[in-house]
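The values are calculated or read from the model by the stated rules, or taken from the named source; none is laboratory data. These numbers were taken from a predicted model, which means no experiment stands behind them. A quick note on method: Cβ atoms are made from the backbone with ideal geometry, for glycine too, and the neighbour counts reach across all protein chains shown. All accessible areas refer to the heavy atoms of the entire protein, side chains included, with ligands and DNA or RNA removed. Shrake-Rupley method; radii C 1.70, N 1.55, O 1.52, S 1.80 Å.
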Amino acid sequence: MSPVESSSSAYASHTGPSPYPRISNPRSRSPNTPKIASPPPQTLHSGDTFAYSPTHRRTGSRSSVESHPGALGSFAESSAKIKALSKKLGVGINGVESQHPFGDELTESSGDKSNHVVTPSELYASQSVEDTLKSHHPTTPSTGLPSALLEDLRAIHGPNEFQADEEEHILLKFAKQIYENPLVLLLLGSAGVSLLVGNRDDAISIAIAVLIVLTVGFVQEQRSEKSLQALSKLVPHSCHLIRDSHPQTLLANDLVPGDIVHFSVGDRVPADIRLITAVGLEIDESALTGETRPARKRVEACDSEGVPGGKTTIELGDRHCVAFMGTLVKSGHGSGVVVATGSKTEFGVIFSMMQDVEEKRTPLQLSMDELATQLSFLSFGIIGIIVLIGVYQKRSWLEMFTIGVSLAVAAIPEGLPIVTTVTLALGVLRMSNKQAIVKKLPSVEVLGSVSVICSDKTGTLTKNEMTVTTIYTVDDTVTFDEHHSPPENVSPALRKTVQIGNLCNNSFADDDGCNVGQATDVAILNVLDVFGWQDQRDEFERTTEIPFSSDSKYMVVSGKLAPFSQTRELVYLKGSIEAVLDRCESYYVSDSSTPSLNSTTRNTILAKASDIASTGLRVVAMAYGQGSALDFETSSSGGGGLVFAGFQAMLDPPRKGVADAIAHLQLARIHVVMITGDAEQTAVSIARTLGLKMGPGRESCLTGKELDGLTEKELQEKVNSISVFARVTPKHKMMIISAFQKNGEVVAMTGDGVNDAPALKMAEIGISMGKSGTDVAKEAADVILVDDNFATILPAVEEGKSIFYNIQNFLVFQLSTAVAALSIITITTAFGLSNPLNAMQILFINILMDGPPAQALGVDPVDPAIMKRPPRPRNAPILSKRLFARVFFSAAIIVVGTLYMFLQETQDGRLSRRDQTMTFTTFVFLDLASAIQNRGLSCRLVQNKMLFLTCSISFLAQLGLIYLPFLQGVFQTQALSLRDFGTVLAFGLGSVTLHEGRRMWERILIRREDHANSLLITGKDAL
């Protein structure tokens, strides 16, 4: 046997304490543990790394990848460098080139529909420790890499960091806010023309409006691209390794493939590592795989499953001999050889997927862009016609150009983007009070457009806590939850079942008195509190332990209960129902009664366990007997003759209020989908418990393997009928979201783990958990639920729907004002009449009048019936036919009333200051009536206090323009007599009456639509 083989074999079979002197938790450090001196701080260049982390590097341009976002770069080039390096150093690769993570074997599976790329962790998961060490020769478990190789290896593999695009300059980002927004460009064009013709007031006012819009939006959007920085925080800053036969503690970004790394409880794994030793090693991979239970690790190579093309694939959760970057060691300790660093790790693959997901424009942004385009064509088309008419009437070019600019100012509602931004910002503030933090303003409105919510199960729909709800013995079954209290008098068998779970348990109470450890152990130990019993482990002398493994499916401890000198050694076993029953010959009734376990009783126990498991509960059986745990190591059938006590059944319970929230969301015709890494049976059971719409059997469920077997078109056709996706990976989540989006759905994705981040970013709106969510999930998301409660989505969706309807209301008001102003100027110009409104009056109407009242329309209270209306389709315009009718109705009232007043006052053929003041005031009062009556159809007159206040202030402002001498000079107005003022006021009150008739008619139409939607939902449910 070679030295390498001998060394690796020794490590693979090691079961004692780690020979490596290292530091884990300072509180658990032994007094004899030698301290390891940390290296001097490394100098970090601000241009290369983030100030807070040495593990995330910016590059001038994104490195190219081959065929897949997670591809590992140019394999042939890297392989050639390795061969050249081996010749330079005189080190042979012994014919294992194809096994290297950059060798020929790392290519796409030719027949795989998913373009599967084999990562280093997957490759080495199927190889033995000896073969892995050979591939990274000359490293050995005892000596590590020689320092002489580090520089060349780092040149090949790069630092253990994630590569990101060079960040754009802040001025360029601000500039993009201008030239990527058609409405802003249109406003700036109008300001430029106004300045050219000498209308400085108009130009300055429009410029200020644009600046406000850009500044508010820019500040809000600055937080939207921090996903990459957050991901780098999951990479540990330091790690413990061996180099040149000496233990060292270095920065994690200094690692290269071939390094030998050690880790124990509390450590985060610094890279993808092929394990060499694993002593009771359990690693929490929930942030990567979505699995609730920590993964039990061992060093034996994984069995691979054949896939098309002759290649192999091993899912992340099945790689029991690999420790992944960024995951947390929950118990035990281990060591291994680094096989992948930086972007070549599994975290790096997710990182690359996130980089390549493009930011999507929201439905509101698309609608506003379309509206800006329509307004520009309409306004400039009309302006062109008017100018031509004026030239035909022998008017001067300068006069017609001035009229054209006035028309442009009147036609473009420059307050629209301001009011939209302010309305969304106010929505953000209201939602923050409802435990939902919105990071991007348009995301508020998107919530109201969502038609599909894809929710991660673990930690989102459920508590991410295992809880025992049922204890079964042969003669007794006890259920306890928030509706059922435990019985006061318990049977001896039930007490024995709880005692075995207590003794065969490795969880413990922390400084705060909370039980911590493996989730199943914690759940079983918490049962003691339910019954008010004491922990008996203080009276138990444990002599031997065999930890749980997925192969044996049981955990065994043996020892003596106090008084230790008077008792025999007993063995206590807990595990799967099959593994435990196979070793039992009798069952426990009491200390004096242990009847034989015949086939009838055995079948009864198995049937009961199967029934309980089908409800989504996890069954853990308990047994005991005389002897030692060592008996279980003698053979696979060792440890027989035990006494079956009973089993405990536990679940990860749904969060409170989630079922009600799902019911209300489904009532609003929102398709709620559960996506989980759990098994199909558990997932379906939880889905039915939560009230998701499920068909009979498993027709509403699809597994990850079934997804891999579908083409994009097949998945697109099938996805709308699926409510549960089980055993899925991050890649599957993106496939699911893409299929929904191709069907025209607006998708929201909820999640809390790193594995959810790409999907969170890909969805129109990503929703992360605030407490349990990882940093990368929070930064990839658009909305963060502070209380980690899925039920918080319901008021958030209600707020989003309400905001959209409020936006429609103020949009109707602003457009009706713009259409009215445009129409009045167009009509008077076409008929050769004097201009009824001067430039400053138009400015007052468009800036001051459209601002406060329109903004107040954006804060209408939520309509109680709003959740009965279906989501807005992705391609639906922001203005429906009914709303266009309202725009023209409101504009018609203003145009007819204003022109009537104008013509009535100019019958003498001249336009005096009084005539223009009467015309101007009529327009303003009719516009105020339009603002008040364009509030929500269910909103009472004084229910929106801000609207009532702003309209009152605008009314007083108009009085100031009429009666204050200074303002009379600026706006060219004249004080009106009481009779004249009463006439104008009567016009406004008449407008209110006409609008009230229109509101009654619209309420009738809405009730008809809601009734039709209810019938449609009822019909679909019946089918």
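Summary table below
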| read-out | value |
| --- | --- |
| Solvent exposure, largest accessible area first (probe 1.4 Å, DNA, RNA and ligands not counted), of Met1000, Met901, Met466 | Met1000, Met466, Met901 |
| Counted charge near Arg583, where neighbours are those whose Cβ lies closer than 13 Å (Asp, Glu -1; Lys, Arg +1) | -1 |
| In range of the label at Lys693: residues from the stretch 729-769 whose backbone nitrogen is under 17 Å from the point 7 Å along Cα→Cβ | 740-741, 743-748 |
| Most to least accessible of Asp752, Asp475 (protein chains only, probe 1.4 Å) | Asp475, Asp752 |
| Cut-off under 5 Å, modelled amide H: who pairs with His333 long-range | Val279, Leu281 |
| At R0 = 35 Å, FRET efficiency that the Cβ-Cβ distance of Phe889 and Leu956 yields, to 0.05 | 0.80 |
| Average accessible area per residue (Å²) across the stretch 469-651 - probe 1.4 Å, nucleic acids and ligands excluded | 47 Å² |
| Solvent-accessible area of Phe948 with every protein chain in place, 1.4 Å probe, in Å² to the nearest 10 | 110 Å² |
| Estimated distance in nm for a label pair at Asp529 and Leu994, the labels positioned 7 Å out from Cα along Cα-to-Cβ | 6.9 nm |
| Calculated FRET efficiency for the pair Ala607/Lys771, C-beta based, R₀ 41 Å, to 0.05 | 0.55 |
| Of Lys434/Lys761; Lys574/Lys656; Lys608/Lys733, pairs whose Cα-Cα distance is over 25 Å | Lys574/Lys656; Lys608/Lys733 |
| Per-residue SASA entry for Arg698, accessible area with 1.4 Å probe, Å² rounded to 10 | 100 Å² |
| Accessible surface of the stretch 469-651 [probe 1.4 Å, protein heavy atoms]: carbon and sulfur percent | 46 percent |
| Fully extended contour minus Cα-Cα distance, from Ser834 to Leu903, at 0.36 nm per residue | 23.8 nm |
| Fully extended contour minus Cα-Cα distance, from Arg940 to Ser147, at 0.36 nm per residue | 277.7 nm |
| Simple spin-label estimate for Ala425 and Phe948 in nanometres, 7 Å along Cα-Cβ | 2.6 nm |
| Glu370 paired with Asp591, simple spin-label distance in nm, labels 7 Å along Cα-to-beta-carbon | 7.9 nm |
| Modelled FRET efficiency - R0 45 Å, Leu978 with Ala1012, Cβ distances, 0.05 increments | 0.30 |
| Net charge of Cβ neighbours under 15 Å - reference Arg940; Lys, Arg +1; Asp, Glu -1 | +1 |
| Stretch gain in nm, segment Lys176-Arg1003, where the contour uses 0.36 nm per residue and the Cα spacing is subtracted | 293.5 nm |
| Net +/- balance of residues flanking Phe540 in space, Cβ distance below 13 Å, scoring K and R +1, D and E -1 | -3 |
| Cβ crowding within 10 Å averaged over residues, with 656-664, 274-282 ranked highest first | 274-282, 656-664 |
